[in-house]
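Peer 1: To start, I am sharing the structure in question, which I have written as structure tokens.
The values are calculated or read from the model by the stated rules, or taken from the named source; none is laboratory data. Computed from a prediction, not measured in an experiment: that's the story for all the values here. Counting neighbours? That spans all protein chains shown, and the Cβs are built from the backbone with ideal geometry, glycine included. Just so you know, the surface numbers come from the protein's heavy atoms only, side chains and all, with ligands and any DNA or RNA stripped out. Shrake-Rupley method; radii C 1.70, N 1.55, O 1.52, S 1.80 Å.
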Amino acid sequence: MSQPEPPQISLSLFSHGLDLDATLTSGQAFSWKRTADEKWRGWIDGHPCLVWSQGDALRAVGPELTRDAVSRYFGLDLPVQEIFTTFPSDPHLDAARAFAPGLRILRQEPWETLCNFICSSLKQIVQIEQINHELRRVFGDEIGEGLHLFPDPSRLALATEARLRACKLGFRARHLFVAARQIASSEISLDRIDTLPTPEAREHLMRIQGVGEKVANCILLFAYARADVFPIDVWVERVLRQLYFHNSQRIKHERLRAFADSHFGPYRGYAQQFLFHWIRKDPRALPPEKPVATRVRKKTPSS
């Protein structure tokens, strides 16, 4: 006897303005795929689901999916318009917001988010998506045709580096293997992050193999909704240098960090995501870089 179809969930987007396409392609999550009919198939809290926008509503359907889980995942419970009033008067940030006004920050499951960003080093978004798919296929429990759960820490802790490398991880296999052992053995507690102030939470995460400042900030922003963090990767460093520091290469990372933390306000994580998505997707976002002039040494009679 076939199982009944799960009920469809409908949530209002009237005051939120969520843009699914921008949000799910902005480098936060790596397990979503667009379907032929312009819907999105992916996972929320370990449950497979299908989501799509219809007018001013977000529709979602999936086994064991709840309204609260969908609302929390997409941040529909947050007063985003109030958050945006804290942004500084900044023409560059205004342009980034105008490019994708419905871009929002997701709240994802911490362990999968940790794995995704450990695997993100020197990888493009499509490659991280491939790694996520392979980890599910090779190590995750199959719960339906072509549907595999993301493997938990204990499952990856029992793997080998060689098997992880076969999932297209390369040198990141060692990091992920050790990280899984740290979490599985309770040496590091991801549940504890919620109880810690942001600086201490960041330090706690940086005790994990393969987690530096940028990866820790990504985990805090995209899994724990810590909007007071501002991850700086090569894309964001580029936009900061070119638009805010006259393309100076002499500015050290510490100054960029201090500027971002003070300039963009208490919800600077949202500002970061607007800038990151804008510079990646809009070829007009940045002016052409001027070639660096090279000094020609004049010849002397003795040279």
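Peer 1: So which residues in region 246-267 are of a type in the set (A, V, I, L, M, F, W, C) and at pLDDT below 95?
Peer 2: If the condition is that a residue be of a type in the set (A, V, I, L, M, F, W, C) and at pLDDT below 95, then Ile251 is the only one that fits.
Peer 1: Six or more apart or on different chains, Cβ under 8 Å: which pairs go from a residue in region 260-274 that's closer than 15 Å to Pro101 by Cα to one that's assigned to a helix (DSSP H, G or I) and open to solvent by 60 Å² or more (accessible area, probe 1.4 Å)? Could you list them?
Peer 2: Short answer, once both residue conditions are applied: Phe274/Arg97; Phe274/Phe99.
Peer 1: Just to check your reading of the model, which residue among Ser26, Ser12, Ser71 is open to solvent by less than 90 Å² (accessible area, probe 1.4 Å), in contact with a Phe, Trp or Tyr (Cβ under 9 Å, 6 or more places away or on another chain) and of a type in the set (Gly, Ala, Ser)?
Peer 2: Answer to the check: Ser26.
Peer 1: Any idea which of Ala223, Ala201, Ala227 is open to solvent by less than 20 Å² (accessible area, probe 1.4 Å), closer than 28 Å to Asp77 by Cβ and either free of Cβ contacts under 8 Å to residues at least 24 places away in the same chain or assigned to a loop (DSSP other than H, G, I, E, B) (or both)?
Peer 2: So the residue among Ala223, Ala201, Ala227 that is open to solvent by less than 20 Å² (accessible area, probe 1.4 Å), closer than 28 Å to Asp77 by Cβ and either free of Cβ contacts under 8 Å to residues at least 24 places away in the same chain or assigned to a loop (DSSP other than H, G, I, E, B) (or both) is Ala227.
Peer 1: Same structure again: Whether any residue in region 235-242 is open to solvent by less than 40 Å² (accessible area, probe 1.4 Å) and either of a type in the set (Ser, Thr, Tyr) or not in a helix (DSSP H, G or I) (or both) is what I want to check.
Peer 2: No, every residue in region 235-242 fails to be open to solvent by less than 40 Å² (accessible area, probe 1.4 Å) and either of a type in the set (Ser, Thr, Tyr) or not in a helix (DSSP H, G or I) (or both).
Peer 1: If you don't mind, there's one more thing I want to ask. Please state which one of Ile143, Ile183, Ile105, Ile193 is at pLDDT below 95 and either of a type outside the set (Lys, Arg) or not in a helix (DSSP H, G or I) (or both).
Peer 2: Criteria check complete, one pass: Ile143.
Peer 1: Of everything in region 174-185, what is more than 20 Å from the chain's Cα centre (by Cα) and either more than 17 Å from Glu109 (Cα to Cα) or open to solvent by 90 Å² or more (accessible area, probe 1.4 Å) (or both)? Give them in sequence order.
Peer 2: Those that are more than 20 Å from the chain's Cα centre (by Cα) and either more than 17 Å from Glu109 (Cα to Cα) or open to solvent by 90 Å² or more (accessible area, probe 1.4 Å) (or both): Arg174, Phe177, Val178, Arg181, Gln182, Ser185.
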